[in-house]
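Before any comments, here is the structure.
The values are calculated or read from the model by the stated rules, or taken from the named source; none is laboratory data. No experiment lies behind these values; they were computed from the predicted model shown. Positions of Cβ are backbone-derived with ideal geometry, glycine not excepted, and every protein chain shown enters the neighbour counts.
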Amino acid sequence: MAMKTRFRALGFAAAAILAAVTLAGCGQRGAAERPPEAGDLAVAKVDGSVVWASDVKREAIAQGLIGEGEPLDVSSDLFRRVMDEVVDQKLLAGEALKRKLDKTPAAQRRLAAARERILGDMLVEGVVADAVNDNAVRDLYQEQLKLSKTSEEIRARQIVVATPEDAEAVKKLLASGASFEALAMERSTDAATRFNGGDLGYFTTDVMPDAYDGALKTAKAGELVGPFAVEGGWALVKVEDRRPEAPITMESARPQIVRFLTYDQIRDLLEKLRGKAKIEPLLPAQAAVPGKPKEPADAPAAAPAPAAPPAGPAPKPPAKGAQP
């Protein structure tokens, strides 16, 4: 999964200036007039400079309006809106060049920083594109399936009443042949399940309150369990079915697997680069925080934390059931 550019953090106008000035500074104005991608479409011209469909799509991705790899129809309202923004960026950048804003030392440093970010993102995109592919996703999915623990799903119906005496009365009616579904609609106080005959659907006991977990863990299909105390009263539960829990499909797991593999690749890349580089911190030692005990002089230095993934929290391999 490609990283999103961080230009937007600099603000709309600053990003516009930096983008165009960086290209101009690299002397690539002539190259920009040729299609940057095979089959690219010229969609506008600004003072003779071409705006390509790929420029608009890249801006839409940067703003989070579409995902990497998603299509963007050139006839859509979204495309035209983003194209107008790209045109505005070119106009702002062109005016900045006329005013020679790119010549100041502060501008040069910001342009250099922007260039480093772009190059870093391009490196990461290439590394991730090579490593995070269908085979890698499939391999990790299969590995997690092998490690997963088989759990069971239960399908059940419930009737919740106010007192244990009420519950025993309902239990006697059920024993005499009364319909569980009809009694649920007539007597249950649980608004969420009452009008569908008390149906709880399929669930695993670990997602239910402790009272259900304890009462239903060993119950067999067809068994009536209870009454037992629950929030809001007393419950009678009829177990209708038990079955092995279906594992998550690979397509459902794919987004989380891709995030994990992406983070893993970025972390490994940064560890290798840090291992080769000579990094010399020049800041003075951090001042002691009042009330915080000092570490002993011979305490081992903490290892540098890996960089955070490009978007979203760092995913971990699934824990419950080892499902991705």
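List of remarks:
- Check on I266, outside any helix (DSSP H, G or I), surrounded by 11 or more Cβ atoms within 10 Å (Cβ to Cβ) and either of a type in the set (S, T, Y) or touching a residue at least 60 places away in the same chain (Cβ under 8 Å) (or both): no
- Any hit, the stretch 87-107, residues being under 30 Å from V132 (Cβ atoms), touching a residue at least 24 places away in the same chain (Cβ under 8 Å) and surrounded by fewer than 16 Cβ atoms within 10 Å (Cβ to Cβ): no
- A residue that is aliphatic (A, V, I, L, M), in a helix (DSSP H, G or I) and either at pLDDT below 85 or more than 24 Å from the chain's Cα centre (by Cα) (or both) occurs nowhere in the stretch 289-305.
- Filtering A215, A235 for residues that are surrounded by 15 or more Cβ atoms within 10 Å (Cβ to Cβ), assigned by TED's automatic domain parsing to the domain that holds D166, touching a Gly at 6+ places or on another chain (Cβ under 7 Å) and in a helix (DSSP H, G or I) leaves a single hit, A215.
- Failed criterion for L173 (all others in (1) assigned to a strand (DSSP E or B); (2) over 36 Å from the mean Cα position of the chain (by Cα) hold): (1)
One line per residue, one yes/no per condition, for (1) over 25 Å from L140 (Cα atoms); (2) in the same structural domain as P209 (by TED's automatic domain parsing); (3) modelled with pLDDT under 85; (4) polar (S, T, N, Q):
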{"position": "V239", "(1), (2), (3), (4)": "yes, yes, no, no"}
{"position": "E251", "(1), (2), (3), (4)": "no, no, yes, no"}
{"position": "R254", "(1), (2), (3), (4)": "no, no, yes, no"}
{"position": "F260", "(1), (2), (3), (4)": "no, no, no, no"}
{"position": "D268", "(1), (2), (3), (4)": "no, no, no, no"}
{"position": "E271", "(1), (2), (3), (4)": "no, no, no, no"}
{"position": "P281", "(1), (2), (3), (4)": "yes, no, yes, no"}
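- Odd one out for R243, checked against (1) loosely packed, with under 13 Cβ neighbours inside 10 Å; (2) touching a Phe, Trp or Tyr at 6+ places or on another chain (Cβ under 9 Å); (3) in a helix (DSSP H, G or I): (3)
- The residue of the stretch 135-162 that is surrounded by the most Cβ atoms within 10 Å (Cβ to Cβ), among those that are over 24 Å from the mean Cα position of the chain (by Cα) and assigned to a loop (DSSP other than H, G, I, E, B), is S151.
- Tally of residues being touching a residue at least 40 places away in the same chain (Cβ under 8 Å), over 35 Å from the mean Cα position of the chain (by Cα) and closer than 18 Å to V170 by Cα across the stretch 199-224: 1
- For the residues A229, A253, A221, the requirement of being loosely packed, with under 15 Cβ neighbours inside 10 Å, among the small types (G, A, S) and in contact with a helix residue (DSSP H, G or I) (Cβ under 8 Å, 6 or more places away or on another chain) singles out A229.
- Meets criteria (modelled with pLDDT of 90 or more and surrounded by fewer than 14 Cβ atoms within 10 Å (Cβ to Cβ)) for K45: no
- Only one of the numbered conditions (1) part of a helix (DSSP H, G or I); (2) more than 26 Å from Q265 (Cα to Cα) is violated by S75, and that is (1).
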